[in-house]
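As structure tokens, the structure follows; a few thoughts come after it.
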Amino acid sequence: MSGKVRMATVWLGGCSGCHMSFLDLDERLIELAARVDLLASPLVDTKARDFPQVDVTLVEGAVVNEEHLETLHRVRERSKVLVAFGDCAVSGNVSAIRNAWPVQEVFDRAYRETSAVVHGVPSPDAGVPRLVKRVQPLHEVVTVDLWLQGCPPPADRIWEAITALLDRREPRLERRFG
């Protein structure tokens, strides 16, 4: 790719561990900054509604609510290459544990039955997006171009994936966990 690559990262239903691992690129972030413009990311507090047209987007987390569903569709439309970033994006992983219970039971447990409830039950109008019936990995909702496994993927694996995309070559991602 000529010039700087337009890049973004997105955080859906996950723990942000993949983004923390991205920051573990340490001094390689300086090299990356010379090759990409990071146009949207929770690292720079860009809102998904303002998501720009980009070349590559790393999407962390699974689709757990309607807001994530809307965001993922918007990101897919505006990204040439979409990377499922980490095991929640690839398989649902920990986020999908919720699938063992009906949505209403999950909501009730989180907002009605815990000792943290002080001012009543929130609604979508109060800033709590409506949960989707079933947590889904990205590929069940949109086309995914690359799967970057790991919980979280180690920095070296992230570096290999990103530099391979920038160099227009097939990533050499090891097949073992870690």
Reported set for segment 52-90 where residues are part of a loop (DSSP other than H, G, I, E, B) and under 30 Å from Val106 (Cα atoms) is Gly61, Gly86
Check whether at least one residue in segment 101-119 is hydrophobic (A, V, I, L, M, F, W, C), farther than 28 Å from Val75 by Cα and modelled with pLDDT of 85 or more, and report yes or no. yes
When restricted to Ser2, Ser41, the only residue open to solvent by less than 20 Å² (accessible area, probe 1.4 Å), over 21 Å from Arg134 (Cβ atoms), at pLDDT below 95 and not β-branched (Val, Ile, Thr) is Ser41
Of those in segment 87-102 that are within 13 Å of the chain's Cα centre (by Cα) and over 23 Å from Asp37 (Cβ atoms), the residue surrounded by the most Cβ atoms within 10 Å (Cβ to Cβ) is Cys88
Scanning segment 7-38 for residues that are outside any loop (DSSP other than H, G, I, E, B) and among the small types (Gly, Ala, Ser), the one most open to solvent (accessible area, probe 1.4 Å) turns out to be Ala34
Inside segment 1-42, the number of residues satisfying the requirement of being basic (Lys, Arg) and under 20 Å from the mean Cα position of the chain (by Cα) is 1
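The values are calculated or read from the model by the stated rules, or taken from the named source; none is laboratory data. None of the values given here were measured: they were computed from a predicted structure. Positions of Cβ are generated from backbone atoms using ideal geometry, with glycine treated the same way; all protein chains shown enter the neighbour counts. The area values use the complete protein model at the heavy-atom level, side chains included, leaving out ligands, DNA and RNA. Shrake-Rupley method; radii C 1.70, N 1.55, O 1.52, S 1.80 Å.
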